[in-house]
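Each remark here refers to the structure printed beneath this line.
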Amino acid sequence: MNPLFTGLFDDAAIFPPGNLPMPAAVTAHRERRASPLAPLLGPFVCSLARWGELTAAAERSAADGGPALPVSLVLPDGGAELPAHPAVEIVAVESTRTGLVGTLPAYQEIPCAEITATRVAALRDAGLRLKIRTGGVRAEAFPSEEELAQAIWYAVRGGLAFKLTAGLHDPIRHRDPVTGFEHHGYLNVLLATTRALQGYAIERALADQDGARVAAAVAAIDEVVAKAVRHHFISFGTCSISEPVDGLLRYGLLSKDLR
């Protein structure tokens, strides 16, 4: 599999607008981890407030054996003590507040427009990663191309790893015909991260809505560069796994045998 896509899709099925019930979401995640799609999957994303639901669903779904459910836990307070359960393995933590500590990968969410070189350096020096929100249920939750380009540029040039969350179901930038919201595309972000590593301006890569052109440029990224790209762009949270997978299939970037 192309290393650009390994572990790229964090499973946020229980969050809006998907809002899948916890038992169904956990079961679906376990089924995907036992399928050919497993290499594409990042962890299951869950908030601390729903820990009880999560552990109950994980315990039931693991009744016949199997590994613990890998989870990225969203904390209301960065310094919160982490819970534990044998059916769940916390592999990362996320928070909007400072104080994240420990040996796990830890992401601090900062509003896209507030990301600066100074804040990136502070996160890097603290051993933290950056979380960038790229969508939501309101138009103002979607950063502009300029804002996202600046955030990615600061992160890449500052040597910081980052993840994105929300609004990235489709691989290519587009306007949603129902809501009218302009969505960023995850292939555009992969391409923009590549261009940032190369020292090029990246806003054009984020703005490009020509799917065939963007997909061809992504397909041309060699394995060495791909690994460098993913060293920075770790993953993105999506309430649908099937939609981004369908996007890779549509542009011939994923073998049909994996569907």
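The values are calculated or read from the model by the stated rules, or taken from the named source; none is laboratory data. Only a predicted model underlies this, so the values are computations on that prediction, with no experimental measurement involved. Reconstructed Cβ throughout: ideal geometry from the backbone, glycine too, with neighbour counts over all protein chains shown.
Go through ALA207, ALA219, ALA196, ALA192 for me and flag whichever is farther than 19 Å from THR134 by Cα and in contact (Cβ under 8 Å) with a residue 24 or more places away in the chain. Break it down stepwise before answering.
Details: ALA207 fails: farther than 19 Å from THR134 by Cα; ALA196 fails: farther than 19 Å from THR134 by Cα; ALA192 fails: farther than 19 Å from THR134 by Cα.
That would be ALA219, the only listed residue that is farther than 19 Å from THR134 by Cα and in contact (Cβ under 8 Å) with a residue 24 or more places away in the chain.
Identify, please: which residue in region 107-129 is within 24 Å of PRO17 (Cβ to Cβ) and in contact with a helix residue (DSSP H, G or I) (Cβ under 7 Å, 6 or more places away or on another chain) and is, among those, surrounded by the fewest Cβ atoms within 10 Å (Cβ to Cβ)?
Going through region 107-129, the residues within 24 Å of PRO17 (Cβ to Cβ) turn out to be 107, 109-113.
Okay, now just the ones that are also in contact with a helix residue (DSSP H, G or I) (Cβ under 7 Å, 6 or more places away or on another chain), so 110, 112-113.
Values: ILE110: 19, CYS112: 21, ALA113: 13.
Of everything passing the filter in region 107-129, ALA113 is surrounded by the fewest Cβ atoms within 10 Å (Cβ to Cβ).
Does GLU182 satisfy the condition of being in contact with a helix residue (DSSP H, G or I) (Cβ under 7 Å, 6 or more places away or on another chain) and in contact (Cβ under 8 Å) with a residue 24 or more places away in the chain? So that I can check it myself, show each step before the final result.
Numbers: in contact with a helix residue (DSSP H, G or I) (Cβ under 7 Å, 6 or more places away or on another chain): no; in contact (Cβ under 8 Å) with a residue 24 or more places away in the chain: yes.
For GLU182, the condition - in contact with a helix residue (DSSP H, G or I) (Cβ under 7 Å, 6 or more places away or on another chain) and in contact (Cβ under 8 Å) with a residue 24 or more places away in the chain - is not met.
Report yes if ALA166 is under 23 Å from VAL45 (Cα atoms) and crowded, with 23+ Cβ neighbours inside 10 Å, otherwise no.
Answer is yes for this residue.
Every residue in region 226-259 that is within 20 Å of LEU164 (Cβ to Cβ), of a type in the set (Gly, Ala, Ser) and in contact (Cβ under 8 Å) with a residue 24 or more places away in the chain, please. Let's see the steps before the verdict.
Our first condition is that a residue be within 20 Å of LEU164 (Cβ to Cβ); within region 226-259, this holds for 226-248, 251, 253-254.
Still in the running and of a type in the set (Gly, Ala, Ser): 226, 228, 235, 237, 240, 242, 247.
The answer is ALA226, ALA228, SER235, GLY237, SER240, GLY247.
State all residues of region 16-39 that are surrounded by 21 or more Cβ atoms within 10 Å (Cβ to Cβ) and either closer than 22 Å to LEU164 by Cβ or at pLDDT below 95 (or both); if no residue qualifies, say none.
Step one: list which residues in region 16-39 are surrounded by 21 or more Cβ atoms within 10 Å (Cβ to Cβ), which gives 25-26, 29.
Passing the criteria: ALA25, HIS29.
Considering TYR154, TYR200, which residue is among the aromatic types (Phe, Trp, Tyr) and assigned to a helix (DSSP H, G or I)? Before the answer, list the steps.
On the way: TYR200 fails: assigned to a helix (DSSP H, G or I).
Within the list TYR154, TYR200, the selection yields TYR154.
State which residue pairs qualify: first residue in contact (Cβ under 8 Å) with a residue 40 or more places away in the chain and inside region 111-140, second residue in a helix (DSSP H, G or I) and surrounded by fewer than 17 Cβ atoms within 10 Å (Cβ to Cβ) in any location, beta carbons under 7 Å apart, and separation of 6 or more residues or different chains.
From residues that are in contact (Cβ under 8 Å) with a residue 40 or more places away in the chain, the pairs are GLY135/ALA141.
With respect to the numbered conditions (1) at pLDDT 95 or above; (2) surrounded by 13 or more Cβ atoms within 10 Å (Cβ to Cβ); (3) of a type in the set (Gly, Ala, Ser); (4) over 19 Å from LEU168 (Cβ atoms), which one is the sole condition not fulfilled by GLY52?
Every condition holds for GLY52 apart from (2).
Have a look at ALA68, ALA58, ALA92, ALA62 and point out the one that is surrounded by 20 or more Cβ atoms within 10 Å (Cβ to Cβ), in contact (Cβ under 8 Å) with a residue 12 or more places away in the chain and over 29 Å from VAL225 (Cβ atoms). Outline the logic, then answer.
Working: ALA68 fails: surrounded by 20 or more Cβ atoms within 10 Å (Cβ to Cβ); ALA92 fails: over 29 Å from VAL225 (Cβ atoms); ALA62 fails: surrounded by 20 or more Cβ atoms within 10 Å (Cβ to Cβ).
Sole residue among the options that is surrounded by 20 or more Cβ atoms within 10 Å (Cβ to Cβ), in contact (Cβ under 8 Å) with a residue 12 or more places away in the chain and over 29 Å from VAL225 (Cβ atoms): ALA58.
Kindly check whether there is at least one residue in region 240-252 that is farther than 18 Å from GLY18 by Cα and part of a loop (DSSP other than H, G, I, E, B). If you could, list the steps in order and put the result at the bottom.
Going residue by residue through region 240-252, those that are farther than 18 Å from GLY18 by Cα are 248-252.
From what is left, the residues that are part of a loop (DSSP other than H, G, I, E, B) are 251-252.
Checked against the condition, which is being farther than 18 Å from GLY18 by Cα and part of a loop (DSSP other than H, G, I, E, B), region 240-252 yields at least one hit.
What residue, of GLY185, GLY211, is more than 19 Å from the chain's Cα centre (by Cα), surrounded by 15 or more Cβ atoms within 10 Å (Cβ to Cβ) and modelled with pLDDT of 95 or more? Step through it out loud before you land on a result.
Numbers: GLY185 fails: more than 19 Å from the chain's Cα centre (by Cα).
Of the residues listed, the single one that is more than 19 Å from the chain's Cα centre (by Cα), surrounded by 15 or more Cβ atoms within 10 Å (Cβ to Cβ) and modelled with pLDDT of 95 or more is GLY211.
Could we say that GLY136 is surrounded by fewer than 15 Cβ atoms within 10 Å (Cβ to Cβ) and either touching a Lys or Arg at 6+ places or on another chain (Cβ under 8 Å) or assigned to a loop (DSSP other than H, G, I, E, B) (or both) here? Before you say what the answer is, go through the steps one by one.
Numbers: surrounded by fewer than 15 Cβ atoms within 10 Å (Cβ to Cβ): no; either touching a Lys or Arg at 6+ places or on another chain (Cβ under 8 Å) or assigned to a loop (DSSP other than H, G, I, E, B) (or both): yes.
Here the answer is no, as GLY136 does not meet what is asked.
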